[in-house]
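Undergrad: Quick one: the structure is below, and I'll ask about it shortly.
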Amino acid sequence: NNILRLREVRVEDVMVPRADIEAVEITTSLGDLLGLFEQSGHSRMPVYSETLDDPRGMVHIRDVLAHITKVARVKKGRANRKAQAPTILDLAQVDLARTIGDLDLIRPVLFVPPSMLASDLMGRMQTTRTQMALVIDEYGGTDGLASLEDIV
């Protein structure tokens, strides 16, 4: 029933309004980013430079954890490697002061108008394998945010 309803609903009807968007600045440190993810409960957040009207993409907690694991993984020689040995991490190797812009953790995000049909956005998200879209007004400003979860 909800899928049929999507043919009549526009993105502006399902988006999170600008005032309620939880986003991070590109200069946010890795340590602060982890805290923001914990506080918000979100798995992804938009990234901007200076204001929300200058979006750069989004950051996904999965990419953050992959970066931390890659940096912290203890290197062992081939002779000592066991077939199914658990991964040992040295988290002291992770520089939590580095910014998300420096770490190349930003994924692309879709930019869509508020008048777009929610069903069209859902199809575009599935085609591009993107879970988040920023809703941009006619002046190029950020109006809101729409995720796949918001649509369905």
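Undergrad: Grab the strands (runs of 3 or more DSSP E) fully contained in segment 34-152, keeping just those with 1 or more residues being closer than 24 Å to Val9 by Cα.
TA: Filter on segment 34-152 gives 44-49, 110-112, 132-136, 142-147.
Undergrad: Could you identify the single residue in Val135, Val152, Val112, Val47 that is of a type in the set (Val, Ile, Thr), farther than 16 Å from Pro17 by Cβ and at pLDDT 90 or above?
TA: Going through Val135, Val152, Val112, Val47 in turn, just one is of a type in the set (Val, Ile, Thr), farther than 16 Å from Pro17 by Cβ and at pLDDT 90 or above: Val47.
Undergrad: Would you be able to tell me the number of residues in segment 10-32 that are within 18 Å of Asp95 (Cβ to Cβ), touching a strand residue (DSSP E or B) at 6+ places or on another chain (Cβ under 6 Å) and part of a helix (DSSP H, G or I)?
TA: The qualifying residues number 0.
Undergrad: Among the candidates Glu149, Glu138, single out the residue that is more than 24 Å from Thr28 (Cβ to Cβ), loosely packed, with under 13 Cβ neighbours inside 10 Å, out of contact with any strand residue (DSSP E or B) (no Cβ under 8 Å at 6 or more places or on another chain) and of a type in the set (Asp, Glu).
TA: Exactly one residue qualifies, and that residue is Glu138.
Undergrad: Assess whether Ala92 counts as being loosely packed, with under 12 Cβ neighbours inside 10 Å, under 23 Å from Gly31 (Cβ atoms), in contact (Cβ under 8 Å) with a residue 24 or more places away in the chain and aliphatic (A, V, I, L, M).
TA: no
The values are calculated or read from the model by the stated rules, or taken from the named source; none is laboratory data. These figures come from a predicted structure and were not determined experimentally. Glycine also receives a Cβ, built like all others from the backbone with ideal geometry; neighbour counts cover every protein chain displayed.
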